[in-house]
Amino acid sequence: MRTIVVSDLHLGSGGDIDLLRRPELREVLWAEIQGANEVVLLGDVVELRDRPLAEALELARPFFDELGSAIGAGSVVVVPGNHDHHLLDDWLERRGLEGAGPLGVEQRVPVQSGPLAQLIAGMGETPIELAYPGAWLRPGVYATHGHYLDRHLTVPTFERLAVAAVERVLGGPREVSDEPGSPGDSGSASVEDYERTLAPVYAFLFALAQAGSAGGRLGGANPSARVWQALGGGYGRAAKFRGWLLGTVALPGAVGVANRLGLGPVRSDLSPGTITRAGLEAIGEVTHRLGIDADHLIFGHTHRRGPMRAETGWRMPEGTRLWNTGSWVYAPGLVGRTAADSPYWPGTVAVLENDGPPELHHLLDDRSRTELRG
């Protein structure tokens, strides 16, 4: 059994930063996929925040059509993330009408209708199913997009502060201490708890994208960036360079205000090391609260592939090893000069064989910045 895990393709992104819209780069991925039994698309496969839905689906369709041929007799599992959370709406609505029970850490359902059914229409007889919020790929190996980590992040992204604001509006128990830098309490949480506070943010940003005009993004930026600008957020040089691809980063001066308003704790340190540690601590918190007892946890979302060679800090205290599949997005402010010095270089997949730990294969490390820019 050979499984390929790939995340954060963001097909249909504005600015043509989504590399797998380019046929010559898709061929690199197809070569890796050949002979695999299963391909897991681990979230943010389609960018549904930059342009109207129909246009985004049209731009993403060639990828799915070719995927069906590349995988041959294998199967495909789609695990939506925050940017393509709308792919779940049809199924979640049916669950609600049927009075289904609470969501667990893995639900697998056939694709019957909705936008995803349109996307896979050209995949022939390839078996494909939806899994959410994650999937057990084999005993001891769990994969999820990782967007639930926004609830515990200490980096002041738009989504982190928006989720905190939703929590204040909805009420209920606080999940994180009010003291900046505190690791928070050690309680548990359910999938329903995370969806309750995150889904309204995703729905809002998707709705804003539908108000855009076909052929381009409204206002020249995605909804997260537009809203953050309207609220007075900024794009300081450090924030621009480090980026933090979960959403637009606040200026350090906004951190104190956010903490005083009870939207924290968040920190003003936006150094690359701090951002990496914050993401790992946050996904560790999600794993602990949901009671995911795994030897290995594969996630995406942060676009920060890892662990890199000889890199430490990717093992939780309970022993779970963390693996991040990076992205297939060209972000010039993040990638660095060469693949060797950049944890944000695109083109990573996780490969899972019958036994042994996951392996990260970096498929575009032999490309130059010029080649990636296209």
Requested in this report: Express in nm, to one decimal, how much length is gained between LEU53 and GLU125 on full extension, taking 0.36 nm for each residue of separation and deducting their alpha carbon distance.
Outcome: 23.4 nm
Report task. With a point put 7 Å past each Cα toward its Cβ, work out how far ALA331 is from ALA207 in nm, to one decimal. Result -> 2.7
Query raised in the report: So how much slack lies between ARG315 and ASP295, counting 0.36 nm per residue of separation and subtracting their Cα-Cα distance, in nm?
Result: 6.2 nm
Requested in this report: Could you tell me which of VAL46, ILE17, ALA36 has its Cα farthest along the dipole of the stretch 1-62 towards the positive end, charges placed at Cβ (Lys, Arg +1; Asp, Glu -1), taken about the Cα centre?
Outcome: ALA36
Report task. May I ask you to give the average projected area over all directions of the convex hull of the Cα atoms of the stretch 273-374, in nm² rounded to one decimal? Result -> 6.9
Report task. Highest first, please rank the peptides 29-36, 329-336 by the mean number of other Cβ atoms sitting within 10 Å of their residues. Result -> 329-336, 29-36
**Report entry** J(HN,Hα) series, the stretch 306-315, from Karplus relation 6.51 cos²θ - 1.76 cosθ + 1.60, nearest Hz, glycine and proline x
**Finding:** x, x, 6, 4, 6, 7, 9, x, 9, 10
Report summary line: Extension length gain for LEU97 and ARG373 (0.36 nm per residue less Cα distance), in nm, is 94.7 nm
Query - Size of electric dipole in the stretch 29-120: Cβ of Lys, Arg +1 and of Asp, Glu -1, about Cα centre, debye, nearest 20 - result: 200
Report summary line: With GLY356 itself left out, Lys, Arg at +1 and Asp, Glu at -1 over residues whose Cβ is under 14 Å from its Cβ give -1
Query - In sequence order, calculated HN-Hα J values of the stretch 85-97 (Karplus, 6.51, -1.76, 1.60; Hz; x Gly/Pro) - result: 4, 4, 4, 8, 4, 4, 5, 5, 5, 4, 4, x, 5
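Read-outs: derived from the displayed coordinates by stated rules, not from any lab. In this text, all values refer to a predicted model and were calculated from it rather than measured experimentally. Quick reminder, even Gly has a Cβ in these numbers, built from the backbone with ideal geometry, and neighbours come from all protein chains shown.
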